[in-house]
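First the structure, in the form of structure tokens, and then the observations on it.
The values are calculated or read from the model by the stated rules, or taken from the named source; none is laboratory data. Note that the structure is a prediction, hence the values are computed from the model and not measured. Every residue, glycine as well, gets a Cβ built from its backbone with ideal geometry; the counts of neighbours run over all protein chains shown.
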Amino acid sequence: MTAYDTVIFDSDGVLVEPPAYETQAEATRAAFRAVGIEDVDRQSVDDVVAGVTVDRLREICVSYDLDETTLWEAREDHDERSQFERFRAGDRTRYDDVVAIADLDEACGVVSNNHHSTIEFVLDFFDLEPLFGTYYGRPKTIESLERKKPEPYYLERALDDLDGESALYVGDSESDVIAARRAGLDSAFVRRSHCRDAVLSTTPTYEVTTLHEIADLVAD
């Protein structure tokens, strides 16, 4: 067992329930409507929701004769607004086992592919900010897409902030496991209900089903 001085968590799917596909799809369709496109094809919506790359975003914008910055600003604003609405309505909430983090003596942080402003909202809304020494989402810019996980950019920034030497990253997706490996960190894959049957092409250091197990393994 490796001794850790730092534990960094993903947000969506780890601390809070992930956004529903239809919520994000409707936010994407609303963004297209806001820039004058009433009828957008399903593949374009799916690609944006699934985690669009810069190149794919440009392809979509060319096909609809749109300015990519204008579309992306509309998408990010509608997507963030839809997330806030779902949290405030109680349709999306935090996981009960997040209380386990309060028992950790190690420095903790959050690194997410979601908007930085959304992570700020989540930590404030659920009174979680005191648990974390630093947190990172991405800015709502096209350029930020090139730094999202599996790129280790924000993980490395969080590790620097926390002055961590031996860190564990806790996530719920393959991109989390890959990002951790690229940053030189161990990883823990949390098999929540939405990823219970996920097949990973890369092996995490640990697999767990609750954050209580994270607290136990870090304590050991």
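Here are some notes:
- Some residue of the range 103-120 being more than 14 Å from the chain's Cα centre (by Cα), at pLDDT 95 or above, buried (at least 19 other Cβ atoms within 10 Å of the Cβ) and farther than 22 Å from S166 by Cα: no
- From S112, S166, S82, S173, residue being among the small types (G, A, S) and outside the structural domain of P204 (by TED's automatic domain parsing): S82
- Against the conditions (1) surrounded by fewer than 19 Cβ atoms within 10 Å (Cβ to Cβ); (2) within 15 Å of the chain's Cα centre (by Cα); (3) of a type in the set (D, E, K, R), D124 satisfies every one except (2).
- Among the residues of the range 183-220, those that are polar (S, T, N, Q), surrounded by fewer than 21 Cβ atoms within 10 Å (Cβ to Cβ) and either outside the structural domain of Y153 (by TED's automatic domain parsing) or more than 21 Å from D96 (Cα to Cα) (or both) comprise S201, T202, T203, T205.
- Meets criteria (of a type in the set (A, V, I, L, M), more than 30 Å from D160 (Cα to Cα) and either in contact (Cβ under 8 Å) with a residue 24 or more places away in the chain or crowded, with 20+ Cβ neighbours inside 10 Å (or both)) for L71: yes
- When L66 is tested against (1) part of a helix (DSSP H, G or I); (2) at pLDDT 95 or above, just one condition goes unmet, and that condition is (1).
- V45 outside the structural domain of A183 (by TED's automatic domain parsing), modelled with pLDDT of 95 or more and either within 20 Å of the chain's Cα centre (by Cα) or within 30 Å of D161 (Cα to Cα) (or both): yes
Quick grid of which residues meet (1) closer than 20 Å to S112 by Cα; (2) without any contact (Cβ under 8 Å) to a residue 40 or more places away in the chain; (3) over 13 Å from the mean Cα position of the chain (by Cα):
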residue	(1), (2), (3)
V16	yes, no, no
Y21	yes, yes, yes
Q24	yes, no, yes
A31	no, no, yes
G36	no, yes, yes
G51	yes, no, no
V54	yes, no, yes
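- Qualifying residue in the range 95-103 (condition: of a type in the set (D, E), in contact (Cβ under 8 Å) with a residue 12 or more places away in the chain and in contact with a helix residue (DSSP H, G or I) (Cβ under 8 Å, 6 or more places away or on another chain)): yes
- Elements of type strands (runs of 3 or more DSSP E) contained in the range 156-211, each with 1 or more residues being free of Cβ contacts under 8 Å to residues at least 60 places away in the same chain: 186-190, 206-208
- When residues of the range 7-39 are limited to those that are part of a loop (DSSP other than H, G, I, E, B) and touching a Ser or Thr at 6+ places or on another chain (Cβ under 8 Å), the one nearest to S187 (Cα to Cα): D10
- Output for the range 163-188, where each listed residue is farther than 14 Å from S112 by Cβ and aliphatic (A, V, I, L, M): A167, L168, V177, I178, A183, L185, A188
- Any hit, the range 128-140, residues being outside the structural domain of D55 (by TED's automatic domain parsing), in a loop (DSSP other than H, G, I, E, B) and modelled with pLDDT under 95: no
- Filtered by the rule that a residue be buried (at least 19 other Cβ atoms within 10 Å of the Cβ) and small (G, A, S), the range 130-182 gives G137, S144, A158, G164, A167, G171, S173, A179, A180.
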